1. From the phi angles alone, apply the Karplus equation (6.51, -1.76, 1.60; θ = phi - 60°) to the range 34-45 and give each ³J(HN,Hα) in whole Hz, x where the residue is Gly or Pro.
2. If packing is taken as the mean number of other Cβ atoms within 10 Å per residue, what is the order of 43-51, 351-359, highest first?
3. Where does each of 237-247, 118-128, 294-304 land if you order them by average Cβ count within 10 Å, highest first?
4. Over the chain, what is the relative contact order in percent, taking alpha-carbon pairs closer than 8 angstrom and at least six residues apart?
5. For the ranges 90-99, 219-228, what's the packing order if you count other beta-carbon atoms within 10 Å of each residue, average per peptide, and put the highest first?
6. What nm value, rounded to one decimal, do you get for the distance between L161 and L57 when each label is placed 7 Å out toward the C-beta?
7. List, in order, the whole-Hz ³J(HN,Hα) value for each residue of the range 153-162 obtained from phi through the Karplus relation with A = 6.51, B = -1.76, C = 1.60 and θ = phi - 60°; use x for Gly and Pro.
8. With bins 10 Å wide starting at 0, give me the P(r) of the range 2-166 over every alpha carbon pair, in whole percents.
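Throughout, read-outs are computed from the coordinates displayed, never taken from laboratory work. These numbers come from a predicted model, not from an experiment. Backbone-built Cβ (ideal geometry, glycine too); neighbour counts: all protein chains shown.
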Amino acid sequence: MSWGVLYYAFSVFVGPMQDELGWSRAEITGAFSLALVVLAVAGVGVGQWLDQRGPRLLMTAGSILGVLLVLAWSQVRDLATFYLIWALMGACWSATLYSPAFATVTAHFRERRTEALTVVTLMAGLASTIFLPLTAALVSALGWREALVVLAVLLAALTILPHALVLRKAPAHEEPEHARSLSLAEALRHPSFRWIALGFALFALGSGLNVHLVPYLVGRGYALGTAAFVAGLVGATQLIGRISLAPLERRMSPAAVIATVYALQPIAILFLIVLSGPLAPFVFVVLFGAGRGADTLIRNTLVARLYGPRRFASIQGVLSLMITGALAIGPVALGAIYDRFGGYDLGLWLVAGASVVAAVAVLVGTRTSSAG
């Protein structure tokens, strides 16, 4: 519900808002980018809150704030207020989306943690599939302002009480894993941290391909409808990577799992650049989506395994600041390369190279931690 209403539904409202309010597309989507910046900055404080106080108050308050912001959005008339709403929305995201959910699961589950995280990401993966067509139907039937009111009611009904009644702070356990837990300061000073942070950030640059895949395929001669269909499959193929990760972890060493997952992105890009047949985009989507889907889980299971769960959320908050920066840079960088050189090939090669370096960096970080 939170992903669907607070995040994915935004794209459906861009056109109707532009038609009524007369704002440019850049002005409207700039508010979304502002929310991403706030999300990155707020994540550090949110992580420390989760480690010290647990998720109940944070996620309940975040859900209440989300409802109020969606209602305020439905009444917006000027651009300054719209940007204020979305700056606050970035804080709301940090309190309701993956960061607090992953921290809660990590704190409560030691055994079968990957499977527990997979359930969360599978549900979130369905958010766009459900809420994009639902939101479009609501906008067509009611108009965009009334559609937002309906979404706010759904969000209030299905998120506030579950967070308030069910969530609790994980009990402290005197277990070997907890005994190995590092404080935030210890983790930041640990030799492995800089390698892990570098690897995660470089791999995140690949997310820029999501933004540019449709125009890239159109430039290669594919019809717009076909290009959009292929690009839309990335979300579905992410589920393949998430479902496959737990079985891989049971059969392979951690290093082998990391190498396998992080190799998928550069191999996918290589297929996209080199192959020219009609199946090339589909091969790319399967490999690229699976790699990115599994990466979402690996980042969390790896951090918990290397540094322990005691300050997991605080450590992830710092890492998320770097990762979100890379997520913001990727689309802009690919666009700038296209504008400068008249094509995407150089940008794709650079992303592929960065992905290889990312795999090496994460592997080095893992081994550095083991050696330490």
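1. Coupling constants for the range 34-45: 4, 4, 4, 5, 5, 4, 5, 5, 5, x, 5, x Hz.
2. Values: 43-51: 21.6, 351-359: 19.6.
The peptides rank, most packed first, as 43-51, 351-359.
3. On the way: 237-247: 19.5, 118-128: 17.6, 294-304: 23.6.
Answer by packing, highest mean first, reads 294-304, 237-247, 118-128.
4. 28 percent
5. 90-99, 219-228
6. Placing both labels 7 Å along Cα→Cβ, they lie 2.4 nm apart.
7. So the Karplus estimates, Gly and Pro as x, are 5, 4, 4, 5, 5, 10, 10, 5, 5, x Hz.
8. 10, 38, 36, 13, 3, 0
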